[in-house]
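Undergrad: I'd like to ask some things about the structure below.
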Amino acid sequence: MAEDTSSPMDRFCGSTFWNATQTWWTNDPDFTPCFEQTALVWTPCAFYWVFVIFDFYYLKASLDRNIPWNKLNVTKALVNLGLLVITALDLIMALIKKGGDSELPLYDLDVWGPIIKFATFLLVFIFIPLNRKYGVQTTGCQFIFWFLLTVLSIPRCRTEVRLESERQKILDSQQPSEQDFSWEEYQFVSFFIFFTFTSIMLILNCFADGLPRQTKYQRGENEIPELSASFLSRITYQWFDKMALKGYRNPLEEKDLWDLRPQDSCSEVMPIFAHHWNQNVRKNYKNKARVEPKAQFSNGNVTFENPHGEKNGRKKGMASIMPPIYKSFGGVFLFGALMKLFTDTLTFAQPQVLSLIISFVEAKEAEPEWKGIMYSVLLFVLAAAQTFILGQYFHRMFIVGLRIRTALINAIYRKALRISNSTKKESTVGEIVNLMAVDAQRFMELTTYLNMIWSAPLQIGLALYFLWQQLGPSVLAGLAVMIILIPVNGVIASRIKTYQIRQMKYKDERVKLMNEVLSGIKVLKLYAWEPSFEKQVLDIRDKEIATLRSTAYLNAGTSFLWSCAPFLVSLVTFATYVLTSEANQLSVEKVLVSINLFDLMKLPLTILPMLSVDIAETQVSVNRINKFLNSEELDPNSVLHDSSKPHPMSIENGEFSWGDEITLRNINIEVKKSSLVALVGTVGSGKSSVVQAFLGEMEKLAGVVNTVGKLAYVPQQAWIQNATVRDNILFGQTYDRKRYNKVIDACALRADIDILSAGDLTEIGEKGINLSGGQKQRISLARAVYSDADLYLLDDPLSAVDAHVGKHIFEEVIGPKGILARKSRVLVTHGVTFLPQVDSIYVLKMGEISESGTFDQLVKNKGAFADFIIQHLQEGNEEEEELNQIKRQISSTGDVPELLGTVEKAIKLARTESLSDSISVTSADSLMGGGGSLRRRAKRQDSHDSVASAASLKKKQEVEGKLIETEKSQTGGVEFAVYKHYIKSVGIFLSVATLVLNFVFQAFQIGSNLWLTKWANDEKVANDTGLRDMYLGVYGAFGFGQGFTSFFSDLAPALGSLHAARVLHSMLLENVLRAPMTMFDTTPVGRILSRFSKDVESVDQKMPQVINDCIWCAYEVLATIVVISLSTPIFLAVIVPIAFLYYFAQRFYVATSRQLMRLESVSRSPIYSHFSETVTGASTIRAYNVGDRFIEESDAKVDKNQVCKYPSVIANRWLAIRLEMVGNLIILFASLFAVLGGQTNPGLVGLSVSYALQVTQTLNWLVRMSSDIETNIVSVERIKEYGETKQEAPWELEQDKNKPKNWPQEGRVEFQNFQVRYREGLDLVLRGVSFNIQGGEKVGIVGRTGAGKSSLTLALFRIIEAAGGRISIDGVDIASMGLHMLRSRLTIIPQDPVLFSGSLRINLDPFEIKTDDEIWKALELSHLKSFVKSLAAGLNHEISEGGENLSVGQRQLVCLARALLRKTKVLVLDEATAAVDLETDDLIQKTIRTEFKECTVLTIAHRLNTILDSDKVIVLDKGQITEFASPTELLDNPKSAFYSMAKDANLV
């Protein structure tokens, strides 16, 4: 070899660097020794030096420290030392053996080779103790470095072994050799020691180091294995196997989940985000005076600065959340972007390799076999690299998304605790919760795709570049088609969007109507109105289905475009190519590579328009969040805490507003230490506002507010958390049993707690749903008393409790002898009774203090206070004894005759209006919120009814354990019956059509590709244009066949699912409306509603989509297998094991992922409900100053949601990596068999490989879709379950038709030994009742709570069916007729007036069978005529949900009007518990006496004076009749129960 070779590398080595004949054009390829010792060693070294920066970053970012020395890291260090020694030795030996005197020349390589290696190993060696010190357990760069080094040293092994054997031959050939082989021998030995060591290092780097000793966060039992997983385990997600296995064996539960990674928890994410947010806020201020330290994390508090700023700081504009998001999370995002760039490049390397494979098969004889194998392996390696990198990319993006969501949720939460009232008025609680639920969530969903903004154009650009190389300018024709299709798609998409909005509107209407129907179901049943409402719901449903049907056609249109698009593009391109010039001929390679590239372009082209819409939507979200985070906050300095002031609470010359006009002016109040100050005044005079002013909730315009000490606050509307009773009272303080019991007794809660099923550990529903108004108020008071504060602000705490409880509370808690006697207290009150015992009184009028002083002073003044008392007494709210007390107090002040007169009147009123009882057995609702709409009723009966009803409820609960059945959360799979049910609902024809059409579609697609390769292989086409046009024409025909079948294969399942959705919904509706009343008693409305909203929606919209995709993917995979097997039949042998692998991955995944999704959705709602709770109770939280605790709770809930969310993200990656590797194996085998097998047709080979390249994604999708089907079919299962509930008796019977139109003619009602119970397994409520009522008699029914009065009426209407005995009307047994026949011939005026939203007319006559005159007549008789006449719309006046826009009295009168319209022979009057005001009551009584003179009237009485004039009285006790006679007869007998009742009511 001559010394003067030109290449510098040759000179560097002293031998040839690259020899193509030796390496490429040969059957036995090998590299030159120079190449092996330079390029193959330096590549890994260069890689490590470039990427070592990541290792430094991981050191810096690590949260842990100090890994102990262990076998692994000691071995690493020793082996590394060995490598350092051997490379140093190489250098020394080279210097000794070569150069200088020896005849062997010393080349640069001999010196520089070892030096480069030594430097690299030294760098690696330094990292061993560093990683140990900083707690880094595994590093990717080192693993990849050792991996590359080992793999790239393999060629040199082969070379060295060959040279060694040649040397042996020379030595063995006996000829005395002159040559000295000592240097070569040394190199041989040194290299193999080096190779052994690198292999050992590679193996050692497969494992992670031990656990660090010091960690920033406590590492629990349940630590996530990822933290201590090795690099290899991380990229293959092998650490997730344990959970996948566990989830496969039995359904996962919350305790099986791992703890959150510390770096994803709120406590790590928040300080970073807050720091950048605060910086951003400060930038927005021109005056940069305040320099504040970095957001520190002191005892868990992150402070966010208020962008609204002090009043003086001039503001430059809104602070946006975007810059802080970039700064906080941009790093990870950029790293992800880098990975994405890398995979995009790899994607386009695949078609290049494909073309190499095709040309290899074309030149089969000429080329050596090893090249084909190399191409196949190369294809596999490319695909595998892409799989691993994409896996990491998506993982990274998800993490960024999760962190952004965490940051936003927390920022919004912290802000919500501080917004001012004017801000709060601008948005409802629902809107604020949506910021968190919708807008923050949207970010998370976008981050994964955000990189497509640059990646999609890049992919399109690359594809065009490679296509240009294949086909030249004709590509532009294809591109033009693509660009034209985008706006067409856009138009369709916007149409679909309008339809979606319309469909949402109908859905909301339907659900709202259903909600009313379910809430008022009892009334519907009593009136027999179900058919009318069923029809209304179905009408809306039909509109909804029509909209969905239009959407289905449009979707099919889109699918038609998409299946035609790639095809049209390739058709146009190929046509342009062959028609533009005779010289342009299609070759197999051109055709297949182009088709492959067109396919690659398809995805980015689809995504771009979607992405732009998403980004626009996210922009809207950003603006909404910005607006909220920039909104005005409460001024923390509006209330001073200056202890030098003489009194603990004072306001001097205060002026306050609620953000618009001034509400309070000239306020001067002083509260002396340990005194009790009352604020009184008429409704709306500003009493509560004064309390809010003390709390700093109002905007202070002038004056000084001062409070010194710890505050406690009882709001007017009690704010109750969704927690146990005890937690509500303790409110974050420690439990001190003695003090707690004292508080409970003082606040009169003992009785209530005893009734609750689990005592004070009973969970209270959201917003205190299962407590009455009075109980809520008392718990709220107990919370204040327990907090043991210095200052108490009590905003009318006695309004919702009745008189004797109020008295008890005043004496035990608030008054001069109560628990709070030593505290300073401000009491807002409406009651006059307690005013004499107050230290001073402030009277408010129109937002000003009109007078103040003690009770006696004010009575003497005869000013506003005297008016207040007079007005108050006229309302008649007080009990008799209290009035007497006031009378004494007033008369003692002397000379106020007009006041005394009023008091006397009030005393008389109180006597007449006494009550015997307040609640019926069935109305368990009174426990469920029978609080407050009517103040009088609430005051009087509250604690009374809550105790009574709770007692009756408790009885029931003890019998059946629990009133409300808990909902079953589905676990495990869904049985086949459900699928069968669904397919039956779809219809056999459409089900089969779907399968056939998809089959035909795939056939067309394969056909068109096979035809192309046939065309490309045909030699004759070059000279025959006719033949060419024939090929082109058939190709076009294939394509349109594809488009056509694709349209119908998309439409068939969509229409089928719609048909199913319709069938399922009407079945569900029909069965729910026909369910007996007991079902509604035991099932919460919300649960039934979610069937009608969530489940129906998933059957409407998700099922068609998912089924369609699933079938499509399945056929796509089948097609791939068919094509590959056509080309290389041996492939079928590999399919079986691959299918097994695939099946296992899928089973494991589906089981685990499904359960994780359920857990995630369960853990997500508490975040939002806790948030909406916080927003409603913000003022209470601020008053008690427990904001930090609530922030911590919110953080904990967010973290808990992440705990469920993170594994489900990983499960996706775990599956993707496994399935894609299965796909990559398919690629490997397809290409290997193609290359090695005897297949000589390059078209088929290329086709099978290009099909294989696409199968990876399809396989992935197939699993996703099949698991989605399982998730969504659950909805069908739940609907089916409700569709099979027990039904009540039939509505109509044949024999009803023979009954006369005006049956019952006489109205004779007879009970014979009648028994009834509410549900199976409960006690009898009526035990053998017998009585007989003649037609036209008026009968009153009385009895204490729980005596069975209401059960009697319910039995008469067959709402509850007889357990024995019978009831007959006019001699006909009512059990023998249809329910509607019976119910429509009886009339009831129910206890609580239920109205439905809709016109007044619908409410009176839902079947629209009465004439206008009849309706007006009824309105006139029920004294509503003038009111309805005054309404603009008259009879068409819209009534809002629940009749909110009418007063309670008017609602009662509407019910009366309904009764008058019906006018049947039997009328049941269930008297309203809380008398509407006395006037309405008199009107109703009067009308009934005149209009229903001829009818039989049964009155369930609560006030005895209403039934004293009836013909007979039935006295019930414990479900039996004790007395049945005329009232006069009973009153004459002092021993009768009726007499004692009358005595209690002061009637005798």
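The values are calculated or read from the model by the stated rules, or taken from the named source; none is laboratory data. The structure presented is a predicted model; accordingly, all values stated were derived computationally and were not measured. Virtual Cβ from ideal backbone geometry, glycine too; neighbours counted across all protein chains shown. Heavy atoms of the whole protein, side chains included, go into the accessibility calculation; ligands, DNA and RNA do not. Shrake-Rupley method; radii C 1.70, N 1.55, O 1.52, S 1.80 Å.
Undergrad: From the mean inverse distance of alpha carbon pairs (Kirkwood) and the Cα radius of gyration, derive Rg over Rh for the stretch 132-257. Please report the intermediate quantities before stating the final value.
TA: Numbers: Rg = 24.1 Å, Rh = 19.0 Å.
Value, to two decimals: 1.27.
Undergrad: Which distance in Å, rounded to a whole number, links the C-alpha centroids of the stretch 1332-1376 and the stretch 606-682?
TA: Going from one Cα centre to the other spans 58 Å.
Undergrad: Which residue, A1075, V1513, Q1202, has the largest displacement toward the positive end of the dipole of the chain when charges sit on each Cβ (Lys, Arg +1; Asp, Glu -1)?
TA: Most positive-ward Cα: V1513.
Undergrad: For the chain, which whole-number percentage of the solvent-accessible area (1.4 Å probe, protein heavy atoms only) is attributable to carbon and sulfur atoms?
TA: Carbon and sulfur atoms account for 59 percent of the accessible area of the chain.
Undergrad: Give the share of C-alpha pairs in each 5 angstrom bin for the stretch 358-461, from 0 to the last occupied bin, in whole percents, shortest bins first.
TA: Pairs per bin, as whole percents: 2, 10, 12, 12, 10, 9, 9, 8, 7, 5, 4, 4, 3, 2, 2, 1, 1, 0.
Undergrad: For a quick check: with amide H placed at 1.01 Å from N, whose amide H comes under 5 Å from G99's, ignoring anything fewer than 5 positions away on the same chain?
TA: L104, L106
Undergrad: Further question on the same structure: Percent relative contact order of the chain, based on C-alpha pairs within less than 8 angstrom and at least six residues apart? Please list the in-between numbers first.
TA: Values: 2273 pairs, mean separation 164.2, N = 1548.
Relative contact order comes out at 11 percent.
Undergrad: Out of residues 5 or more away from S1330 or on other chains, whose amide H comes under 5 Å of its own, with H placed 1.01 Å from N in the peptide plane?
TA: N1313, F1314, I1521
Undergrad: Hey, if you drop one equal point scatterer on each alpha-carbon of the stretch 788-846 and run the Debye formula without solvent, what base-10 log of I(q)/I(0) do you get at q = 0.15, 0.28 Å⁻¹?
TA: -0.42, -1.44
Undergrad: Now, a different point. What Kirkwood radius, in Å to one decimal, follows from the Cα pairs of the stretch 661-711?
TA: Taking every pair of different Cα atoms in the stretch 661-711, averaging 1/r and inverting gives 12.3 Å.
Undergrad: How high is the FRET efficiency from S674 to S757, r the C-beta distance, R0 35 Å, rounded to 0.05?
TA: Given R0 = 35 Å and the Cβ-Cβ separation, E is 0.30.
Undergrad: Contour minus end-to-end for D599 and Q716, with contour as 0.36 nm per residue of separation and end-to-end as the Cα-Cα distance?
TA: Result for the pair: 35.5 nm of gain on full extension.
Undergrad: Another question about this same structure. Calculate the radius of gyration of the Cα atoms of the chain to one decimal place, then report Dmax, the largest Cα-Cα distance, as a whole number, both in Å.
TA: Spelled out, the Cα radius of gyration and Dmax of the chain are 42.5, 149 Å.
Undergrad: If the chain between L464 and T303 were fully stretched, how many nm would it gain, using 0.36 nm times the residue separation less the Cα-Cα distance? Working shown, then result.
TA: Numbers: separation 161, 0.36 × 161 = 57.96 nm, distance 5.17 nm.
Separation in residues times 0.36 nm, less the Cα-Cα distance, equals 52.8 nm.
Undergrad: Each residue of the stretch 1284-1294 in turn: what ³J(HN,Hα) in whole Hz from Karplus with 6.51, -1.76, 1.60 and θ = phi - 60°, glycine and Pro shown as x?
TA: 10, 6, 5, 9, 7, 4, x, 6, 10, 10, 4
Undergrad: What do you get for Rg/Rh of the stretch 992-1074 when both radii come from the Cα atoms and Rh is the Kirkwood radius?
TA: Rounded to two decimals, Rg over Rh is 1.38.
Undergrad: Output needed: percent of Cα pairs per 10 Å distance bin for the stretch 729-832, bins running from 0 to the one holding the longest distance.
TA: 14, 51, 31, 4
Undergrad: Same structure again: Compute the normalised compactness of the stretch 1-69: alpha-carbon radius of gyration over 2.2 N^0.38 Å, N being the residue count.
TA: Expressed relative to 2.2 N^0.38 Å, the Cα Rg reads 1.83.
Undergrad: Treat each spin label as a single point 7 Å out from the Cα along the C-beta direction, and report the V85 to I154 distance in nm.
TA: 2.9
Undergrad: May I have the pair-distance distribution P(r) for the stretch 1449-1548, computed from all Cα-Cα distances with 10 Å bins from 0 and rounded to whole percent?
TA: 13, 44, 32, 11, 0
Undergrad: Right, here's the next one. Using the basic label-point model (7 angstrom from Cα toward the beta carbon), what is the E582 to H804 distance in nanometres?
TA: Label at E582, label at H804, 11.6 nm between them.
Undergrad: State the antiparallel share, in %, of DSSP beta bridges confined to the chain, rounding to the nearest 5.
TA: Rounded to the nearest five, the antiparallel share is 55 percent.
Undergrad: From the P(r) of the stretch 207-246, can you give the percent of Cα pairs sitting at distances over 10 Å?
TA: Summing the P(r) tail past 10 Å for the stretch 207-246 gives 74 percent.
Undergrad: Moving on. With labels modelled as points extended 7 Å from the Cα through the Cβ direction, what inter-label distance (nm, one decimal) is found for V1548 paired with R726?
TA: My value for the distance between the label points is 4.9 nm.
Undergrad: Let me ask something additional. Can you tell me the orientation of helix 1025-1073 relative to the chain, as the angle in degrees between its alpha-carbon axis and the longest Cα principal axis, to the nearest 10?
TA: The angle comes out at about 30 degrees.
Undergrad: If r is the Cβ-Cβ distance from Q837 to D1188 and R0 is 45 Å, what FRET efficiency results, to the nearest 0.05?
TA: 0.75
Undergrad: Please name whichever of Y506, Y982, L202 sits farthest to the positive end of the charge dipole of the chain, dipole taken about the Cα centre and charges placed at Cβ: Lys and Arg +1, Asp and Glu -1.
TA: Most positive-ward Cα: Y506.
Undergrad: With no solvent and one equal point scatterer placed on each C-alpha of the stretch 204-291, evaluate the Debye formula and give log10 I(q)/I(0) for q = 0.12, 0.23 Å⁻¹, two decimals.
TA: -0.59, -1.21
Undergrad: Would you mind getting the accessible area per residue of the stretch 744-859, heavy atoms of the protein chains only, 1.4 Å probe, in Å²?
TA: On the way: 3840 Å² over 116 residues.
It amounts to 33 Å² per residue over the stretch 744-859.
Undergrad: What are the residues whose amide H is under 5 Å from the amide H of K1338, where those residues sit 5 or more places off or on another chain and H is modelled from the backbone?
TA: V1497, D1511, K1512
Undergrad: Any idea what log10 I(q)/I(0) is at q = 0.19, 0.31 Å⁻¹ for the stretch 127-170, Debye with uniform C-alpha scatterers and no solvent?
TA: -0.67, -0.98
Undergrad: Shifting gears a bit: Relative to the longest principal axis of the C-alpha atoms of the chain, give the angle of the C-alpha long axis of helix 897-912, reported between 0 and 90° and rounded to the nearest 10°.
TA: Here the helix axis deviates by roughly 80 degrees.
Undergrad: Please give the charge dipole size of the stretch 189-267, origin at the Cα centre, charges +1 on K and R Cβ atoms and -1 on D and E Cβ atoms. Round to the nearest 20 debye. Intermediate values should be presented prior to the final figure.
TA: On the way: 9 positive and 10 negative charges, 34 e Å.
The dipole magnitude comes to about 160 debye.
Undergrad: In units of 2.2 N^0.38 Å, what is the alpha-carbon radius of gyration of the stretch 525-597? Present the calculation step by step, with values, prior to reporting the outcome.
TA: Details: Rg = 26.6 Å, N = 73, 2.2 N^0.38 = 11.2 Å.
Cα Rg divided by the expected 2.2 N^0.38 Å: 2.37.
Undergrad: Continuing with this model, one more query. Among V1249, L1262, I1191, which residue has its Cα furthest toward the positive end of the charge dipole of the stretch 1170-1292, with +1 on Lys/Arg Cβ and -1 on Asp/Glu Cβ?
TA: About the Cα centre, the residue reaching furthest to the positive side is V1249.
Undergrad: Got a sec? Which residues in the stretch 1149-1177 would a label at E254 touch, if it sits 7 Å along Cα→Cβ and we count backbone N under 12 Å?
TA: Of the residues in the stretch 1149-1177, 1159-1167 have backbone N under 12 Å from the label point off E254.
Undergrad: Continuing with this model, one more query. Residues with beta-carbon under 14 Å from that of C1495, excluding C1495: net charge, scoring Lys, Arg +1 and Asp, Glu -1? Write out the running numbers ahead of the final one.
TA: Values: positive: R1308, K1338, R1385, R1462, K1463, K1465, R1489, K1493; negative: E1306, E1337, D1370, E1491, E1494, D1511.
Combined, the nearby Lys, Arg, Asp and Glu give +2.
Undergrad: Just report the Cα centroid separation between the stretch 1212-1271 and the stretch 1026-1067, whole Å.
TA: Answer, in whole Å: 25.
Undergrad: Something else: Please get the size of the charge dipole for the chain, origin at its Cα centre, with Cβ charges of +1 on Lys and Arg and -1 on Asp and Glu, quoted in debye to the nearest 20.
TA: Numbers: 162 positive and 169 negative charges, 477 e Å.
I would put it at about 2300 debye.
Undergrad: Here is a further query. Measure up K216/K246; K71/K1200; K60/K117; K672/K845 against 25 Å on the Cα-Cα distance and list the ones that go over. Present the calculation step by step, with values, prior to reporting the outcome.
TA: Numbers: K216/K246 29 Å; K71/K1200 37 Å; K60/K117 27 Å; K672/K845 23 Å.
With Cα atoms farther than 25 Å apart: K216/K246; K71/K1200; K60/K117.
Undergrad: Please compute, for the alpha-carbon atoms of the stretch 1312-1450, the extent along each of the three principal axes and give them in descending order in Å.
TA: Largest to smallest, the principal-axis extents are 53, 30, 26 Å.
Undergrad: Work out the P(r) tail for the stretch 560-644: percent of alpha carbon pairs separated by more than 18 Å, whole number.
TA: Summing the P(r) tail past 18 Å for the stretch 560-644 gives 68 percent.
Undergrad: Also, quick follow-up: For the pair R11 and L78, what calculated FRET efficiency results from E = 1/(1 + (r/R0)^6), where r is the Cβ-Cβ distance and R0 = 56 Å, to the nearest 0.05?
TA: 0.90
Undergrad: Sticking with this one: Using just the helices of the chain, give the 222 nm mean residue ellipticity in deg cm²/dmol: DSSP H runs with n ≥ 4 each add -39,500 (n - 2.57), and the total is spread over all residues, rounded to 500. Don't jump to the answer; show the numbers that get you there.
TA: Details: 51 runs with 934 residues, N = 1548.
Calculated at 222 nm, the ellipticity per residue is -20500 deg cm²/dmol.
Undergrad: Can you list the lysines whose alpha carbon is less than 20 Å from that of K415, not counting same-chain residues fewer than 8 positions off?
TA: K283, K294, K311, K315, K424, K425, K627, K1197
Undergrad: Tell me the Kirkwood radius of the stretch 457-615: reciprocal of the mean inverse pair distance over distinct alpha-carbon atoms, in Å.
TA: Here the Kirkwood hydrodynamic radius works out to 19.4 Å.
Undergrad: Using the C-alpha gyration tensor of the stretch 1228-1315, what are the square roots of 5 times its eigenvalues, in whole angstrom, with the largest one first?
TA: 75, 16, 9
Undergrad: Give me the angle, in degrees from 0 to 90, between the Cα long axis of helix 880-893 and the longest principal axis of the Cα atoms of the chain, rounded to the nearest 10.
TA: In the chain, helix 880-893 runs at an angle near 70 degrees to the longest axis.
Undergrad: While we're on this one: Rg and Dmax of the stretch 1345-1418, Cα atoms, in Å?
TA: 15.7, 44
Undergrad: Express in whole angstrom the spacing between the alpha-carbon centres of the stretch 1481-1543 and the stretch 1402-1463.
TA: One Cα centre to the other: 29 Å.
Undergrad: Another one. In Å and from the alpha-carbon atoms only, list the Rg and Dmax of the stretch 1038-1098.
TA: In order Rg, Dmax, the Cα atoms of the stretch 1038-1098 give 18.5, 62 Å.
Undergrad: Write down Rg/Rh for the stretch 1156-1298, rounded to two decimals, with Rg from the C-alpha atoms and Rh from the Kirkwood relation over Cα pairs. Please list the in-between numbers first.
TA: On the way: Rg = 28.2 Å, Rh = 21.5 Å.
Reported Rg/Rh, Kirkwood definition of Rh: 1.32.
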